[in-house]
Each structure stands twice: as structure tokens, then as C-alpha cells.
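Each remark here refers to the structure printed beneath this line.
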Amino acid sequence: MSNNPWVECFVKGEWIFETRFLIYSLGYCLLAYIGNTCQKSYFAEIKKDPKNAPDHRSFKAMIASRPTVIAATVHSVATSIISCGILITYYMQGTNKSWTTPGGINLLEVWQTVGLPISISYFLTDCYFYCLPRKDGLIFVHHIIMCLCHYPVVHNSGAVLSGAGNIEWVIWLSIIGYTSEVSTAVMNYRWYLINTLEENWIGFGITNTFVAASWAGRVVMFTYLLIMQIFPRKAEYVEQNQMLSYRVMVFGHAAIGMLSLHWCVVMLKPGFKNLFVFKKKKVKPIEEMTAGFSFAEEVSGGNKKEE
């Protein structure tokens, strides 16, 4: 038996994760192809007849400005529903909690065999279709950290090592960390509003405020997980000779917490007033639209601080 959880998952995982990873990766590639096809078709129409360009608020135009939005939304919604659904099902059982439902469904195995393959396949394909072409270093680092930290959980042979003998706890840690994807799903809805609204709407202020609060919530959650859940278990990792797993876990939670803090600051930089008031987004020239989507611009909303 190897003492490396990453090796153990790969060697003893029976190719369950790898098979589903390939299937989901093909699905994300298909979504990327659809997005790129929409982009090429939309810009071809503009170049053919610039005076009668298609409506910039149309679904096709929005996909053209951000071809990876379909995959990003599928990922954030799917992982949010699965992670939150698992936790709600578990904690609603009252005092007699069990990770196996009365119907015989093992909630931890659902996360290992469905939730994580969906997510890790997305992160790696998004690195190829978005991070590398756009040279978005922060998002690339985020994706790699997520893959590195969560892969050892995909099979019990790796989870028993990465959890210092506590399989249920380390899978729970993975699941609860993914509840943060709720903010990404709502942020994609915010992006939709920014690109389609014509005037101020109270729903935009509510959505914007929720997104900002969720970024702050991420910082609080990862801080709590570090201080209250991970740090107190250091002795167990020392005893199990799993300090590499411990260091990766600490680094991963600290890094994602810091990235969340950074994006929260970016979003709040234009001022709190801008959270509640919608300012119509200017239509970009075609040369800027073809330059691609920027995650940092989405977080900030593309709105400058009012003078």
C-alpha cells in the first residue's frame, strides 16, 4: 500500500472516477464547441452586415461574448445542487444521522462518483478552453488547487490517507467546501442581468448583494474550516505520517479563502452604492468582444465607481 493518497486513488480506484471523468469531459467539450460555434456565427453576421447587427442582448450574442458560460453554469448549478442536497439530506435526519439513506443510497459515494467527477472534469477542461487562451492566471491556479485537493477523495483508498484515517470527515470537508459554488451559479445569473437589463431593477440589487455576501461567506467558511476542523487534527496527520496531505489541505483552503477575499474586494471596489443600483452596460466594439471574456471583469460587473 502506497502512503500517497493521489497514487492510491489512481491505482485502486477501479477506473470508476476515470471513466466518468472522461464522459463528463466529453460533455464539457461539446458545450465548449456549441459556445464557440455560436461565437463564430454571431461575429460572422456582424461582419457581413455591420449596420444590421443582431441584438446584443440575445442569447446568441451573450454566448458569443462568453463561449464557456454554458459549461460554467452547468458545473456550478450541478455541484451546488449535489453538495447542498447531500448535506440537507444528512442533517435533516435529526439525532440518528447516517450517510446512508433509508432507501440505501450512500450519500458519500454519490459525491465520490458523481459530484467530484463532474467538477474535476470541468476544472481541467476550463483550463484548456478558458484559462490558457485568456491567460487568466488566478482562475488557472484556482482550478489546479481544486483538482489537487479534491482528487484524493474520489476513492476510499485515497480518502483514508488524506483524512488521516477518517474517511467520512474528509469527504464531508470536500462536500461542504463545494457549497461555495452557489455563489458562482448566482453570479452567472448576475452576468445575465448585466447584459440584458435596460434599466434599474430591484431584483438586480438583491442578486448583487447576495453575490457579494456569498463571497464574504466563502472567506468566513474557509477560515472556519481551517481553524476549527483542520488545524486541530494536525496530530492525527503526524501520527498517520500524512503531513503532505495535511499541508496540501491547509494550503488549498487558505488559497481558496484568499482568492475569495480578493474577488470580494474587487466586487466591492466600485462602492457599496453600486451593489444596489444597476447601470446599463455599454455595448463593446466588436474587436473588444472577440477578445474574450474576463472573470475579473464579471466579478466587478464592468461598472466603474460613480464620481
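The values are calculated or read from the model by the stated rules, or taken from the named source; none is laboratory data. Because the structure is a prediction, the values reported are computed rather than measured. Heads up, the Cβs are rebuilt from the backbone with ideal geometry, glycines too, and the neighbour counts pull from every protein chain shown. Side chains included, ligands, DNA and RNA excluded: accessible areas come from the protein's heavy atoms. Shrake-Rupley method; radii C 1.70, N 1.55, O 1.52, S 1.80 Å.
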*Under a point-charge model restricted to the Cβ atoms of Lys and Arg (+1) and Asp and Glu (-1), what is the dipole moment magnitude of the chain relative to its Cα centre, in debye to the nearest 20?*
840 debye
*By average Cβ neighbour count within 10 Å, what is the ranking of 228-234, 241-247, 260-266 from highest down?*
260-266, 241-247, 228-234
*What net charge is computed for the residues neighbouring R20, neighbours being all others with C-beta under 13 Å from the C-beta of R20, Lys and Arg scored +1, Asp and Glu -1?*
-3
*Which of the following values of semi-axes √(5λ) of the Cα gyration tensor in Å was calculated from the structure shown: (1) 25, 24, 17; (2) 74, 18, 15; (3) 38, 22, 18?*
(3)
_With +1 on the Cβ of every Lys and Arg and -1 on the Cβ of every Asp and Glu, and nothing else charged, how large is the dipole of region 132-263 about its Cα centre, in debye rounded to the nearest 20?_
280 debye
*asked:* Are there any GluC sites (Glu not before Pro) in region 1-94 that are in a DSSP loop and have at most 15 other Cβ atoms within 10 Å? List them by number.
replied: E14
*What list of whole percents do you get for P(r) of region 25-71, with Cα-Cα distances grouped in 10 Å bins up to the one holding the largest distance?*
30, 48, 18, 4
*Rounded to a whole number, what % of the accessible area of region 65-204 do carbon and sulfur atoms account for, probe 1.4 Å?*
66 percent
*Order these peptides, 21-33, 56-68, 142-154, 93-105, by their mean beta-carbon neighbour count within 10 angstrom, highest first.*
142-154, 56-68, 21-33, 93-105
*Per residue, how much accessible area does the chain have with a 1.4 Å probe, in Å²?*
50 Å²
